[in-house]
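Nothing in this text is a laboratory measurement; each read-out follows from the coordinates by a stated rule. No experiment lies behind these values; they were computed from the predicted model shown. Backbone-built Cβ (ideal geometry, glycine too); neighbour counts: all protein chains shown.
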Amino acid sequence: MFNQSLLLDTVDASVMIVLASTLLLVATIALIAVVVVAAAFIFICRCRFQRIRKGSKFHLGADDGSASSRVGEKTIAFYHPRCSAGGGGERVLWKIIQCLGEIRESGGCVSVAIYTADPNEGADGTNNGIAVCSADEGQRGGKEESGNEDAVVSDSSYKERVMKHVKDRFGIEVSSKLPIKFVHIDNEWRKLAPKGPVSMIAESIATVKLALAALNKF
């Protein structure tokens, strides 16, 4: 009786060891799969980003010393959906941009892009996707070209409102030599609103879509 009980205990222990080993193996395989998928996703995004950069036809003008006419131009992008607000974060943003303007004045080949959730309404009241303005273009406006098929208009009224607000609110003036590109992502931004009981999952997916849409626009 004692030997039979000992045998059963040994069998049970062996079964538990096998089960534990199987679970560990499955968990290891799952972890490897997640890492491989994540690495593949990052690689695809990097390749996509490189193609977007190489294929970009985004210009600010060929005769004003701006991005398209300078060799080695570097664009610094800021993801700040509420760039036209008046909080502390916006003050930091525009202070940084002011410093970049000083670098531009001293000969640095730098320009700025700002991803904003503000709508870009042209003269016809439609959303044009991207407003492209340098700090001194607010008085002349005009159309620009981009890789986007939609009409792209320099929304001087939006530019003037933002720069006036920055000056009145923070006392910050940005150099007129610094090219600033406003990339309007308001349509994608609105889709981030939580919906349903799985709002966190939906919002995560919408954030990925927002990032891809932003890369496609600029």
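Here are some notes:
- Peptides 175-185, 101-111 ordered by average Cβ neighbours within 10 Å, highest first: 175-185, 101-111
- Order of LEU19, LEU93, LEU215 - criterion: other Cβ atoms within 10 Å of each residue's Cβ, fewest first: LEU19, LEU215, LEU93
- Using a cut-off of 25 Å between Cα atoms, the listed pairs LYS74/LYS191; LYS167/LYS191; LYS181/LYS209 include LYS74/LYS191; LYS167/LYS191 as exceeding that distance.
- Residue by residue, the stretch 84-99 carries 3J(HN,Hα) couplings of 8, 7, x, x, x, x, 5, 4, 4, 4, 6, 5, 5, 5, 4, 5 Hz when phi is fed to the Karplus relation 6.51 cos²θ - 1.76 cosθ + 1.60 (θ = phi - 60°); x denotes Gly or Pro.
- Using the Cβ-Cβ distance between ASP186 and ALA77 with R0 set to 22 Å, the FRET efficiency from 1/(1 + (r/R0)^6) comes to roughly 0.85.
- Under-5 Å amide H pairs with SER111, H placed in peptide plane, nonlocal only: LYS74, THR75, ILE76
- Under 5 Å, built H, 5+ apart or other chain: amide partners of TYR79: TYR115
- Amide H to amide H, with H built 1.01 Å from N, ILE172 comes under 5 Å of LYS167, counting only residues 5 or more places away or on other chains.
- Rounded FRET efficiency, nearest 0.05, which uses the C-beta distance separating ILE42 from GLN98 and R0 of 30 Å: 0.35
- Burial ordering of PHE170, PHE43, fewest other beta-carbon atoms within 10 Å first: PHE43, PHE170
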